[in-house]
Amino acid sequence: MSNITPQTSLALMQATQVKDPASVISNMASKNMQRIESSAREFEAVFIAEMMKPMFEGIEVDKTFGGGKGEEIFRSMMVQEYGKEIASLDIIGIQNQVKSKLIDMQAARTTGNI
């Protein structure tokens with residue numbers, strides 16, 4: 001069975017039509033690096049949100065605003081957004097380590113040193 005996906009087929013067809021294959025390779029590498037950086041940032045955001053959850057568990061629900069399931073859901077979403085915002089500042093350093101490891105893993109995979 002072939003491992004070629006429709007996206008790969010399309011990329012190969014476009015690459016054969018381009019006069020400068022180096023620019024295609026450079027463009028693919030750039031997109032790949034963007035995906036790696038995005039994945040690392042998302043990982044850090046989830047990690048931060050999970051570390052922040054216990055901070056909010058002890059806070060009582062304000063009966064003035066109703067509380068209940070809706071406020072629980074909102075609080076969960078708020079913690080996730082806090083995690084995303086802190087991760088976007090890149091001050092914790094987790095995403096740099098994750099990005100480095102993803103690059104190493106990809107390099108090992110492409111050279112066959114898995």
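The values are calculated or read from the model by the stated rules, or taken from the named source; none is laboratory data. Because the structure is a prediction, the values reported are computed rather than measured. Every residue, glycine among them, receives a Cβ derived from its backbone with ideal geometry; neighbour counts consider all protein chains shown.
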Original post:
Name the pairs whose Cβ atoms lie under 8 Å apart, with the first residue in the stretch 1-12 and in a loop (DSSP other than H, G, I, E, B), the second surrounded by 10 or more Cβ atoms within 10 Å (Cβ to Cβ) and modelled with pLDDT under 70, and 6 or more positions between them or separate chains?
Top reply: I4/L12
Subject >> Lone qualifier among E72, E81, E60, E42 - being under 25 Å from A11 (Cβ atoms) and either of a type in the set (D, E, K, R) or modelled with pLDDT of 80 or more (or both) >> reply: E42
Original post:
Taking the stretch 49-94 only, how many residues are assigned to a helix (DSSP H, G or I) and either at positive phi or among the basic types (K, R) (or both)?
Top reply: 6
**OP:** Please go through the stretch 59-104 and pick out each residue that is over 13 Å from the mean Cα position of the chain (by Cα) and of a type in the set (S, T, Y).
**Re:** T64, S76, Y82, S100
Subject >> Residues that are in contact with a helix residue (DSSP H, G or I) (Cβ under 7 Å, 6 or more places away or on another chain) and either over 15 Å from K101 (Cα atoms) or surrounded by fewer than 15 Cβ atoms within 10 Å (Cβ to Cβ) (or both), drawn from the stretch 38-50 >> reply: S39, A45, V46, F47, I48, A49
